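Heads up: the structure comes next, in structure tokens.
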Amino acid sequence: MPCRSFVPDYAARLLSASAGGPPYAEHGQGIVLFADIVGFTPLAAALADAGRHGAEELSTLLNRFFARMVELVGGHGGTVASFAGDAITALFPLPGPARSRAAATRRAVACALRLQAASQEFRDVPTAAGTFTLAMRAGLGAGEVLLAVVGDPAIRLEHVLAGVALDRAVAAERGAAQGQVKLDPALELGDPATDLPGRPARRRRPPVQVADERLAAFLHPAIAERLHQG
């Protein structure tokens, strides 16, 4: 049962590091990217009025949109923490050394800009209810993060991302204009010229291996059953 793709890296890591029971939590430093789709509400309302066909069309559109976003976040060293309607939250861990932190920050900013560029593919969306214009706005915040897994493994688990970095990212996004990426002042971009010459590109860490039976507790029972049946 391929549950791993539905669970953020940090949640799988916390679960893997546990001795089989709670608590699963850690504090750290990170960069949070928070972005949402501008124009989604009228699109969703119009397709909802179209009945079942409209709901299916909306689901297909969101799946296409977010599949592209997930690909870009992973390619820049981040992990998608959550989806909420038309919003996406992603986490980029901040390592200790100043040079590494600046490089990680630049990757997060580059990711946000790539997300904005990719969102142009969905600028004019033809649907059964008409053509709608969509755009993205995004905010980036840095600081302390709390990563946790809560719940009962035998019943249901939820992964949690909270902390100053998330608060700052949401505040930055609220201040961003349509099609804009806004940065929290706490972000430290550093100077790209100080990077080591010839330094290889950052390799993405291999995913943490956790048995699907444990990860299934994060999923809605209906989704878990569909995956189980292939």
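The values are calculated or read from the model by the stated rules, or taken from the named source; none is laboratory data. Being a predicted model, the structure only gives us computed values, none of them experimental. Cβ coordinates were reconstructed from backbone atoms using ideal geometry, including for glycine residues, and neighbour counts include every protein chain displayed. Surface areas here come from the heavy atoms of the whole protein model, side chains and all, with no ligands, DNA or RNA. Shrake-Rupley method; radii C 1.70, N 1.55, O 1.52, S 1.80 Å.
Return yes when Leu166 is open to solvent by less than 40 Å² (accessible area, probe 1.4 Å) and assigned to a strand (DSSP E or B) and no when it is not. In short, no. Of all residues in segment 117-134, exactly one satisfies the criterion of being of a type in the set (D, E, K, R) and either under 14 Å from the mean Cα position of the chain (by Cα) or part of a helix (DSSP H, G or I) (or both), namely Glu121. Of Glu56, Glu26, all but one fail to be closer than 17 Å to Val145 by Cβ, more than 17 Å from the chain's Cα centre (by Cα) and among the acidic types (Asp, Glu); the exception is Glu26. Suppose the filter is in contact with a strand residue (DSSP E or B) (Cβ under 6 Å, 6 or more places away or on another chain), open to solvent by 60 Å² or more (accessible area, probe 1.4 Å) and closer than 18 Å to Val181 by Cα; does Val80 pass it? Considered against the rule, which asks whether it is in contact with a strand residue (DSSP E or B) (Cβ under 6 Å, 6 or more places away or on another chain), open to solvent by 60 Å² or more (accessible area, probe 1.4 Å) and closer than 18 Å to Val181 by Cα, Val80 comes out as no. Is it true that some residue in segment 64-81 is out of contact with any helix residue (DSSP H, G or I) (no Cβ under 6 Å at 6 or more places or on another chain) and either over 30 Å from Arg214 (Cβ atoms) or among the basic types (Lys, Arg) (or both)? So far as segment 64-81 goes, yes, one or more of its residues are out of contact with any helix residue (DSSP H, G or I) (no Cβ under 6 Å at 6 or more places or on another chain) and either over 30 Å from Arg214 (Cβ atoms) or among the basic types (Lys, Arg) (or both). For Arg107, are the conditions met, namely being open to solvent by less than 70 Å² (accessible area, probe 1.4 Å) and charged (D, E, K, R)? Yes. Taken over segment 1-18, the criterion of being open to solvent by 30 Å² or more (accessible area, probe 1.4 Å), modelled with pLDDT of 65 or more and either outside any helix (DSSP H, G or I) or not acidic (Asp, Glu) (or both) is satisfied by Ser5, Phe6, Arg13, Ser16, Ala17. In summary, Arg106 fulfils each of the numbered conditions (1) among the charged types (D, E, K, R); (2) within 13 Å of the chain's Cα centre (by Cα); (3) under 22 Å from Val164 (Cα atoms) with the single exception of condition (2). Against the list (1) at pLDDT below 70; (2) within 21 Å of Pro93 (Cα to Cα), the condition Leu115 fails is (1).
Scanning segment 19-76 for residues that are over 15 Å from Leu115 (Cβ atoms), in a helix (DSSP H, G or I), open to solvent by 60 Å² or more (accessible area, probe 1.4 Å) and among the aliphatic types (A, V, I, L, M) yields one hit, Ala48. Among all positions in segment 145-163, there is no residue which is open to solvent by 60 Å² or more (accessible area, probe 1.4 Å) and modelled with pLDDT of 90 or more. A single member of Arg137, Arg114, Arg106 is touching a residue at least 12 places away in the same chain (Cβ under 8 Å), assigned to a strand (DSSP E or B), of a type outside the set (Phe, Trp, Tyr) and in contact with a Gly (Cβ under 9 Å, 6 or more places away or on another chain), and it is Arg137.
Residues in segment 85-98 that are touching a residue at least 40 places away in the same chain (Cβ under 8 Å) and loosely packed, with under 14 Cβ neighbours inside 10 Å: Gly85, Ala98. Within segment 55-84, residues that are under 16 Å from Gln120 (Cα atoms) reach partners that are among the aromatic types (Phe, Trp, Tyr) and open to solvent by 20 Å² or more (accessible area, probe 1.4 Å) with beta carbons closer than 7 Å, at six or more positions or on different chains, in the pairs Phe66/Phe83. Pairs meeting the criteria (first residue in segment 160-177 and closer than 15 Å to Thr79 by Cβ, second residue open to solvent by 10 Å² or more (accessible area, probe 1.4 Å) and of a type in the set (Ser, Thr, Tyr), beta carbons under 8 Å, at least 6 apart or on different chains) are Leu161/Ser82; Leu161/Thr89; Leu166/Thr89; Ala169/Thr89.
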